[in-house]
């Protein structure tokens, strides 16, 4: 009877340690998941900001202002423009 009680006690301790270990691992994984979800949200926000910035940089008014002001470019005379069609 004493051997059976010791065996049951050993099984109980092993099960308890397994339960504690699995709960700890589950909590750690859940913490990692929350951290990665927060990082994903931050990256989504940053992507939106970068897309907005990229759209602003490519506005036709901005490009024209830089072309005329900084680079000294101007619109060509329409009489001097030739349209070239690709040969097939």
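Since every read-out is calculated from the coordinates, none of them should be taken as a lab result. Keep in mind it's a predicted model, so treat the numbers as computed, not measured. Every residue, glycine among them, receives a Cβ derived from its backbone with ideal geometry; neighbour counts consider all protein chains shown.
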Given [x] 14.9; [y] 20.8; [z] 16.8 as possible values of Kirkwood radius over Cα pairs in Å, the one from the coordinates is [y]
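What's the Cα-based Rg to Rh of segment 22-69, Rh via Kirkwood? The partial results should precede the final answer.
Values: Rg = 20.6 Å, Rh = 13.8 Å.
For segment 22-69, the value is 1.49.
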Rounded to one decimal in nm, the spacing of the 7 Å Cα→Cβ label points at residue 54 and residue 4 is 7.3 nm
